[in-house]
Amino acid sequence: MDYDRLYTQPSFNPGRLVGPIKLQPVPGKGRGLVADREVPLAETLLVVEPVGTALAAPEGRELLPHHLVAALDNMAAGGRLTAADRARLRLLYDGSAPDSPTSARVRGASLEDFRKVEDKLRRAAEAPKKAKGKGFGAPAPTAAATPAASTVNTAALGEAPLTAAELQAMVAFNSWGNSYSDLGAAPLRKEPSEAVIGVWPEFALLNHSCAPNTVAFNVGQHLLVQAAADIGQGQEATTCYLGDLVQAPREQRRSWLKGSYGFDCECERCKAEKAVPAEVSAAVTAAYELATSEQATKLATEAPGRSDRAALRPLEEQLAAATERLEAAMEAAGLEERLRQWLRNSAYAAYFTLAVIRDLPDASGPGGLGGLFGRTGAAAPFGDPEAPTRLAGIVEAVAPGSDLHLYLTLEALSRTAEAYDREDPRVAEATKACLRAHILRYGVVSDAVLRALLEARSRTQHYLGRITLASQSEGAGTALAGSLLKQTAAQAARELAGAGSE
Ligand SMILES: [Zn+2]
């Protein structure tokens, strides 16, 4: 994959790519995409194009499944959905009962079927012209159709027009969207940031986990899926359907998944969190409820005018007590570190809000909550240089390679570079963590493109994590970080490339 061109040239078409994964039955989930071999993090699993075209709108607009249904319906009416598009949709799960004919067909499909359908799409686009030129009528069936090799007749699947009910079900279960473009690639490609929603069929084959091992993002019309953790041979590749709810307690996550997708999540994280002692679960719930309570939200949103940490002292004390209670309960239970990080995510709002409050100036001064809660860009978040490092570690456990993860590693780098001497090992550590996060999302790109992606991301003022990205581009810390980036980018890339071959 030529990532450099993909991230910088809007005219570059990377085509379709299917990495070392195959579609096969997965116990309890129907089917899923399973690694054919060891897959090291940062390896590309999928590059796919949408059915028809993805629907785009100005940044921040919420595009909902029914908007996509209407758009696809329009494309169908205008003859812009091909037989191959219809067949690709009909190979996807549509919510049917497990014993229905649709489910049997869907279970029998392979990634090879998706590829065949796309080959057919290309031939169909070329064949009529040739046939016409030779004076024939309809194009002859091509010899490449090999129905015996598959249990699915993909040609027949594309024939009938899609009914409204079919479209609705397929979009409900298989669409993916985001309310802004990739914060690194879009500026490099000189594209405006846009909201997007679409169905990328092969991506839709990924099952859900509350601690997924892939990251997905779109670049133009293409959706990329990268391994965001090492995936063992025979292990399932997973994505997360939850959005921000990935940082909510188990009960909230599972009830939302049940309501939206109709399944009871039995992922590794859900199972592990279910098995913890009652005191740990109670501490998670208490911390989450405190940080998301109306009272806490009200205090936080009313405070900006006062710009004073003292005003939030009671909330700060409660949050500190709640997170300390959770930490003590996890320690007493002797939980392993990965499970602790999952549980911290379930109460992330408490850790995050506490970090934000602790970053406020003690007396009134410039900045304050106005900047921290997204009102202005006045305040730089996180006076404690270690705070974003800790938060980044928590986020990586459930959303590796996500915008929030990348943002926090950048913030950590900026803070440590400002706070410590250039030779301080903490600066080198923060630099490595930042590069690693970016490489696991973007893959191994050239140093120049990696730097450009980092710079674009650090310039972007955004609502990620409810914090504006402080204007770092003028600061000495950034210049310092820039030179460190140059030194260590190649090293980090080598380490990542070598990580999977051990
Ligand atoms: Zn789960």
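The numbers here are math on the coordinates, done by the rules we state, and not lab data. What you see is a predicted model; the values in this text were computed from it and never measured. FYI the Cβ positions are ideal-geometry reconstructions off the backbone, even for glycines, and counts take in every protein chain you see.
Computed quantities for the displayed model
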{"quantity": "Distance between the stretch 149-200 and the stretch 216-249 - C-alpha centres, whole angstrom", "calculated": "16 Å"}
{"quantity": "Cα-based equivalent ellipsoid of the stretch 46-123: semi-axis lengths in Å, sorted from largest, via gyration tensor", "calculated": "24, 17, 13"}
{"quantity": "Backbone HN-Hα couplings from phi across the stretch 385-401 [Karplus 6.51/-1.76/1.60, Hz, Gly and Pro as x]", "calculated": "x, 7, 4, x, 4, 5, 5, 4, x, 5, 4, 4, 5, 10, 9, x, x"}
{"quantity": "Per DSSP, loop chymotrypsin sites (Phe, Trp or Tyr not before Pro) in the stretch 252-357 with at most 12 further Cβ within 10 Å", "calculated": "none"}
{"quantity": "Ranked packing of 431-438, 79-86, most packed first, by mean Cβ within 10 Å", "calculated": "431-438, 79-86"}
{"quantity": "Neighbour-limited loop hits for trypsin sites (Lys or Arg not before Pro), the stretch 182-263 (at most 10 other Cβ within 10 Å; DSSP other than H, G, I, E, B)", "calculated": "K190"}
